[in-house]
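Everything below concerns the one structure shown next.
Rule-based calculations on the coordinates, nothing more; no lab input. Here the structure is a predicted model, which is why all the values come from computation and not from measurement. For neighbour counting, all protein chains shown are included, and Cβ atoms are generated from backbone atoms with ideal geometry for every residue, glycine included.
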Amino acid sequence: MTHAVSFGGARTDALALADITVDDDGVRMARVAGRTGERGWWWFRVPDSGPIVRDLERYT
């Protein structure tokens, strides 16, 4: 069973999203968003390449 995620109105298969992201501990994303507590699986995935990777390095 796969889960669908909607980004900007486009339906993206969760497995396809997993192909372009890597596991993350969620700490950096919590700092960026200023949010902790209950979070979905996507809070623990980050892109595997591109400018966001460099931006997130500040939060390591």
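Some observations on this one:
- 12 Å beta-carbon shell around Arg58, net charge (K/R +1, D/E -1): +1
- Around the amide H of Thr21, modelled in the peptide plane, lie the amide H atoms of Asp48, all under 5 Å away and 5 or more residues distant in sequence or on another chain.
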